[in-house]
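Asker: Next up is a structure, given as structure tokens.
The values are calculated or read from the model by the stated rules, or taken from the named source; none is laboratory data. If you're wondering where the values come from, they're calculated on a predicted model, not measured in any experiment. So basically every Cβ, Gly included, is an ideal-geometry build from the backbone, and we count neighbours across all protein chains shown. Heavy atoms of the whole protein, side chains included, go into the accessibility calculation; ligands, DNA and RNA do not. Shrake-Rupley method; radii C 1.70, N 1.55, O 1.52, S 1.80 Å.
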Amino acid sequence: MLTAFVVNGARLDVHREATGHPTFGHGACQCRGQQLARVEMTVAFPTLLARFPTLRLAVPHHEVPLRVRSDIYGVISLPVTWERPTRAAAFQRRP
């Protein structure tokens, strides 16, 4: 919830003034590692999906356990699965 970040954060208000993104903080409380995290995500996700093109959630998205009682929000675990490549595909050269 955004209740600690903005007034009435639990209420949808499309006319609310922008106050920054709560994930990495804002202003004096801005996370110093946010730029590194963004670069890592920009590189890691496409690389992971290129390496494992059939990667997908192993459970329905609503069953992914979320960490909700913490200063750092996120998932507790992210169960994934992928299809094994065929033997012929495993020996193909990668560019």
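Asker: Kindly indicate whether any position in region 56-76 is surrounded by 11 or more Cβ atoms within 10 Å (Cβ to Cβ), at pLDDT 90 or above, among the aromatic types (F, W, Y) and touching a strand residue (DSSP E or B) at 6+ places or on another chain (Cβ under 8 Å).
Answerer: For region 56-76, residues surrounded by 11 or more Cβ atoms within 10 Å (Cβ to Cβ), at pLDDT 90 or above, among the aromatic types (F, W, Y) and touching a strand residue (DSSP E or B) at 6+ places or on another chain (Cβ under 8 Å): absent.
Asker: Let me spell it out: the conditions are (1) open to solvent by less than 90 Å² (accessible area, probe 1.4 Å); (2) at pLDDT below 90; (3) among the hydrophobic types (A, V, I, L, M, F, W, C), and L36 meets all of them except one. Which number is the exception?
Answerer: It is condition (1) that L36 fails.
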